[in-house]
């Protein structure tokens, strides 16, 4: 396999240079392996990395050429980062999952692995005005519901699939509930601090939704979507465990009317006692986010307040013991997630806790900033190896919440409602 450098000029035009062999960043500078490259999938987006020059074989810098990265569609896990040297005037990079890209036999290739498929998460192209009409039709059924205001914003401006699902009436539907958070994630998409050097890409929900508002959305969705899921905790909000009472009352209202579907919580897992109260209220599934199974990388990125990684792992452990479907939203980053110590820490935890799925997500952040926070690896084993060893623990690897796979383990005895 012969790889060619893919780069852009100052105007964003893409070129290939067959005379220069590009290097990738896997925690260390190295050439990509043949098994790490696939043809760029449909819906791949190319991103110019301004004021950054790509590295080529011999660890030289291709001067006067701008480094290029790929942004992968959902369902793929990146294996390598673009390798580049930043100039003194290089601006901060936006919050995306930057992936190594090159050319092989004249075609774009990316360092990635296909890790999931789902029709519910397949990008959809709307005709002019189509999404607006769909949103308006749903809004007309519940004009006074403030949560639908937020979901409309997320659907139209941010292209959020779980928000759109509320209006499309399919799959997993979002129930944003909390304006506050007990972590200060370095790459938070809804509330970045001034030193980040870039604006927050989304606006966080600014009010505390009521159980009635949330339950109305949930019941409408579950009555119309076979194997439907409604999820507290979204990217446009803070930490839902800070609103345990509201969520518990919402769950009680939902389950007083229907046994249909799955009630899921997306959380940082910071408050195990609060999570247990939601389990007692009738929660079916939980997806817990983390970037590492090691204390230092976790704390460096999440910057938690009043909790630590021990509490996060205890939440996963207690939810599994209670019979919930437990998923981990594992924010991966080549050179960190495939460090030998990280893989061994993951294996140690997963050997004693039943996790149904590890959802691998790209940690969307400027790679240089992340390495500055958590350090470069001493012994990176490669992301393919990391994924293989995670799968060997018995947890399913994927990227999406699958409706049938997440059916709750615990039996229910409430009669379902039927659509109007």
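The values are calculated or read from the model by the stated rules, or taken from the named source; none is laboratory data. These figures come from a predicted structure and were not determined experimentally. Heads up, the Cβs are rebuilt from the backbone with ideal geometry, glycines too, and the neighbour counts pull from every protein chain shown.
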Inset, instruction - Quick one: which residue in 248, 223 is surrounded by fewer than 22 Cβ atoms within 10 Å (Cβ to Cβ), touching a residue at least 60 places away in the same chain (Cβ under 8 Å) and on the phi < 0 side of the Ramachandran plot? - result: 223
Inset, instruction - Would you point out the residue of segment 34-75, among those that are under 23 Å from residue 89 (Cβ atoms) and without any contact (Cβ under 8 Å) to a residue 12 or more places away in the chain, that is surrounded by the most Cβ atoms within 10 Å (Cβ to Cβ)? - result: 60
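So that you can scan it fast, the table gives a plain yes or no per residue for (1) in contact (Cβ under 8 Å) with a residue 12 or more places away in the chain; (2) surrounded by 22 or more Cβ atoms within 10 Å (Cβ to Cβ); (3) over 26 Å from residue 387 (Cα atoms):
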site: 8; (1), (2), (3): yes, no, yes
site: 13; (1), (2), (3): no, no, yes
site: 31; (1), (2), (3): yes, no, no
site: 85; (1), (2), (3): yes, no, yes
site: 101; (1), (2), (3): yes, yes, no
Inset, instruction - Could you list all residues from segment 287-314 that are in a loop (DSSP other than H, G, I, E, B) and either touching a residue at least 60 places away in the same chain (Cβ under 8 Å) or out of contact with any helix residue (DSSP H, G or I) (no Cβ under 6 Å at 6 or more places or on another chain) (or both)? - result: 291, 292, 303, 305, 306, 307, 308
Inset, instruction - Mind telling me which of the residues 255, 226 ends up being in the same structural domain as residue 165 (by TED's automatic domain parsing) and either within 19 Å of residue 203 (Cβ to Cβ) or assigned to a helix (DSSP H, G or I) (or both)? - result: 255
Inset, instruction - State all residues of segment 130-145 that are under 13 Å from residue 169 (Cβ atoms), in a loop (DSSP other than H, G, I, E, B) and under 29 Å from the mean Cα position of the chain (by Cα); if no residue qualifies, say none. - result: none
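Residue-wise test of (1) surrounded by fewer than 24 Cβ atoms within 10 Å (Cβ to Cβ); (2) assigned to a loop (DSSP other than H, G, I, E, B); (3) in the same structural domain as residue 305 (by TED's automatic domain parsing).
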{"site": "198", "(1), (2), (3)": "yes, yes, yes"}
{"site": "201", "(1), (2), (3)": "yes, yes, yes"}
{"site": "207", "(1), (2), (3)": "yes, yes, yes"}
{"site": "218", "(1), (2), (3)": "no, no, yes"}
{"site": "242", "(1), (2), (3)": "yes, no, yes"}
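Residues checked against (1) within 19 Å of the chain's Cα centre (by Cα); (2) under 21 Å from residue 83 (Cβ atoms):
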residue: 318; (1), (2): no, no
residue: 326; (1), (2): yes, no
residue: 330; (1), (2): yes, no
residue: 336; (1), (2): yes, yes
residue: 345; (1), (2): no, no
residue: 383; (1), (2): yes, yes
Inset, instruction - Filter the strands (runs of 3 or more DSSP E) completely within segment 27-99 down to those with at least 2 residues that are over 30 Å from residue 161 (Cα atoms) and at pLDDT 95 or above. - result: 52-56, 84-86
Legend entry - Selection status of residue 92, surrounded by fewer than 22 Cβ atoms within 10 Å (Cβ to Cβ), touching a helix residue (DSSP H, G or I) at 6+ places or on another chain (Cβ under 9 Å) and within 25 Å of residue 196 (Cα to Cα): yes
Inset, instruction - Being buried (at least 20 other Cβ atoms within 10 Å of the Cβ) and part of a loop (DSSP other than H, G, I, E, B) is the filter here, so list the residues in segment 344-355 that pass it. - result: 355
Legend entry - Residues (buried (at least 24 other Cβ atoms within 10 Å of the Cβ) and in contact with a strand residue (DSSP E or B) (Cβ under 7 Å, 6 or more places away or on another chain)) located in segment 288-304: 291, 302
Legend entry - Residues within segment 152-194 that are over 18 Å from residue 364 (Cα atoms) and assigned to a strand (DSSP E or B), tallied: 4
Inset, instruction - Taking residue 325 as meeting all but one of (1) farther than 30 Å from residue 100 by Cβ; (2) modelled with pLDDT under 95, write down the number of the exception. - result: (2)
